[in-house]
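The values are calculated or read from the model by the stated rules, or taken from the named source; none is laboratory data. Just so it is clear, the model here is predicted, and its values are computed rather than measured. Cβ placement follows ideal geometry from the backbone for every residue including glycine, while neighbour counts extend to all protein chains displayed. In case anyone asks, the SASA skips ligands and DNA or RNA and just uses the protein heavy atoms, side chains included. Shrake-Rupley method; radii C 1.70, N 1.55, O 1.52, S 1.80 Å.
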Amino acid sequence: MLSVLPDTGVKEVARKSLLDEFIDVLQSSRNMEEKIMATLALKTFVSDPAALEEMGKYAKCIYKTLRKFKRTSPVITDVLKSLMNLSSVNATELWHCTEVVELESSANGEVLSLLHLKGRVLSGHSDGTIKVWDAGKRGLRLIHEVREHTKAVTCLYVPSSGDKLYSGSLDKTVRVWAIKPEEIHCVQVHDVKEVVYELTANAKVACFISQGTGVKVYNWSGVPKHVTFNKTVKCLAMTGDKLYCGCSGYSIQEVDLCKLTSTTFYSGTRKLLGKQIIHSLHIHDGLLLAGGSAIDGTAGKVFSHSTKAVVGSFSTGMDILRIVANNDFIFTATKCGAIEVWLKERVTRVASIKVTGGSHSKMTSLTSDMDGGMLYAGYSDGKIQAWAMD
């Protein structure tokens with residue numbers, strides 16, 4: 001729209017006039033269709049740097065509306081990303097969250113694993129229980145509960161296909177679950193002969209951490225194969241036929257699941273004092289997120305998965321123990337108990353969430369929905385906290 005106007009001063013006047021009109025509709029109109037149309041019209045400002053900078057001045061008053069309507073069109077998501085990438089926009093001023101619930105489930109022990117899937121939250125507990133919760137803006141409502149593992153459920157995983165749930169346990173089994181709207185149903189039990197501390201899986205293979213160094217690869221039959229490298233593995237992430245292992249020595253190993261060979265994806269700087277460990281890995285939107293020990297004011301890095309290049313760093317002096325991401329933000333659970341919030345596009349810290357766990361309780365799990373509306377944390381005392389993000 002603006003690009004077709006001649007550069008005679010008319011463009012600048014038109015830009016200001018149209019932008020003021022669209023912003024006014026977004027703020028004052030009660031007609032939902034008008035608001036959506038005004039939001040879509042802002043796309044015309046993105047391709048014009050001067051127009052985008054002008055729109056950035058209104059970021060604080062339109063951000064909440066843009067987030068509300070972003071599900072209606074990918075165009076709105078593009079507008080949001082362009083807006084948040086502006087150096088003139090202070091992302092800290094736009095962030096806000098509210099605690100909506102704190103649940104007590106201490107009867108089932110520690111909450112060792114949490115994941116969000118299609119409006120549901122699944123939790124794995126130290127007594128072998130798996131719970132299914134209905135997840136809404138007003139909190140969590142328990143809708144299903146099963147206890148088929150005989151020992152602690154240490155990990156839950158759903159692949160990108162979303163068709164199956166996989167659970168690992170200290171009872172030395174991996175279970176495969178069918179996912180239904182209101183429940184889960186166990187369809188396979190695999191005795192892997194070793195305790196399972198961490199798990200990632202798909203229809204072809206299950207990869208898990210057990211005792212000792214290296215990682216176990218199980219093709220759903222026979223005995224799990226040991227991919228050996230002289231490092232203790234703390235966390236896993238998988239995409240396609242590649243497995244990534246966060247290890248001691250502040251390194252990330254890449255395992256080729258076709259050849260069962262490993263190479264070094266990243267090797268960090270070693271320090272003489274203290275242990276340097278990659279505690280958490282997460283793959284999202286072409287990025288490999290790694291969090292671990294804080295070294296020289298940095299506790300993790302963001303890599304481009306395709307090029308292996310470092311595209312960002314988590315500048316914090318606190319060890320990162322858990323890391324998750326959605327379409328807008330990255331969340332890092334720190335050793336001191338706080339959750340730090342980072343803008344995904346710029347890897348810029350925008351907020352810190354103070355959690356209410358007791359002095360003897362530690363955060364054991366963390367998950368978020370993909371749309372960026374909710375965040376959930378589980379604790380060693382059995383509590384689950386949920387926050388709504390505005």
Task: P(r) of the range 261-390 over all Cα-Cα pairs, binned every 5 Å from zero, in whole percent - done: 2, 10, 21, 23, 20, 13, 7, 3, 1
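Heavy-atom accessible area per residue, the chain, 1.4 Å probe: how many Å²? Don't jump to the answer; show the numbers that get you there.
Working: 17810 Å² over 390 residues.
Accessible area per residue: 46 Å².
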TODO: Compute the relative contact order of the range 10-93 as a whole-number percentage, counting only Cα pairs closer than 8 Å that sit 6 or more residues apart in sequence.
DONE: 28
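So, with a 1.4 angstrom probe, what is the percent of accessible area on the range 147-242 that is carbon and sulfur? Provide the component values of the computation, followed by the final result.
Working: 2130 of 4510 Å².
In the range 147-242, the share of accessible area belonging to carbon and sulfur is 47 percent.
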Open item on the list: For the pair Lys204/Thr264, report the inter-label distance in nm, with labels modelled 7 Å from Cα in the Cβ direction.
Closed with: 2.8
Task: Convex hull volume per residue for the range 97-389, taking Cα atoms only, in Å³ - done: 122
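From the cross-link list Lys43/Lys70; Lys231/Lys275; Lys242/Lys344, which pairs have alpha carbons spaced over 20 Å apart?
Details: Lys43/Lys70 12 Å; Lys231/Lys275 13 Å; Lys242/Lys344 23 Å.
Distance filter (> 20 Å) returns Lys242/Lys344.
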- [ ] Taking the Cβ of Val205 as the centre, find all other residues whose Cβ is under 14 Å away and add up their charges (Lys, Arg: +1; Asp, Glu: -1).
- [x] +4
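Please give the contour-minus-distance gain from Val310 to Asp256: 0.36 nm per residue of separation, less the Cα-Cα distance, rounded to one decimal in nm.
On the way: separation 54, 0.36 × 54 = 19.44 nm, distance 2.10 nm.
Answer, rounded to one decimal: 17.3 nm.
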- [ ] Per DSSP H run of n ≥ 4, the term is -39500 (n - 2.57); total these for the chain, divide by its residue number, and report the mean residue ellipticity at 222 nm rounded to 500 deg cm²/dmol.
- [x] -5000 deg cm²/dmol
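Using packing as a proxy for protection, rank 158-164, 364-370 so that the peptide with the highest average count of other Cβ atoms within 10 Å comes first.
Details: 158-164: 13.0, 364-370: 21.3.
Put in order of decreasing packing, that is 364-370, 158-164.
Can you pull the percent of Cα pairs in the range 163-227 with separation above 17 Å? Display every interim value, and only then the final one.
Values: 725 of 2080 pairs.
Here the long-distance tail beyond 17 Å is 35 percent of all Cα pairs in the range 163-227.
For Cα pairs less than 8 Å apart in space and 6+ apart in sequence, what is the mean separation divided by the residue count of the chain, i.e. the relative contact order in percent?
Values: 909 pairs, mean separation 46.6, N = 390.
About 12 percent, as a whole number.
How much length is gained if the chain between Lys275 and Asp20 is pulled fully straight, taking 0.36 nm per residue apart and subtracting their Cα-Cα distance, in nm to one decimal? Show your work: numbers first, answer last.
Values: separation 255, 0.36 × 255 = 91.80 nm, distance 5.51 nm.
Once the chain is fully extended between Lys275 and Asp20, it gains 86.3 nm.
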TODO: Largest first and in whole Å, give the semi-axes of the range 52-128's equivalent ellipsoid, each being the square root of 5 times a Cα gyration tensor eigenvalue.
DONE: 37, 15, 11
- [ ] Provide the convex hull volume over Cα atoms per residue for the range 10-93, in Å³.
- [x] 84
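Run the numbers for Asp296 and Asp78: contour at 0.36 nm per residue of separation, minus the present Cα-Cα distance, in nm.
Additional length available on full extension: 75.0 nm.
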- [ ] Given the options His226, His125, His116, state which has the largest fluctuation in a GNM of the chain using a 10 Å cut-off (strictly under) for Cα springs.
- [x] His226
TODO: Could you tell me what percent of the accessible area of the range 10-93 is made up of carbon and sulfur, with a 1.4 Å probe and every protein chain present?
DONE: 53
Task: Cut-off 10 Å between beta-carbons: net charge of the residues surrounding Asn219, Lys and Arg +1, Asp and Glu -1 - done: +2
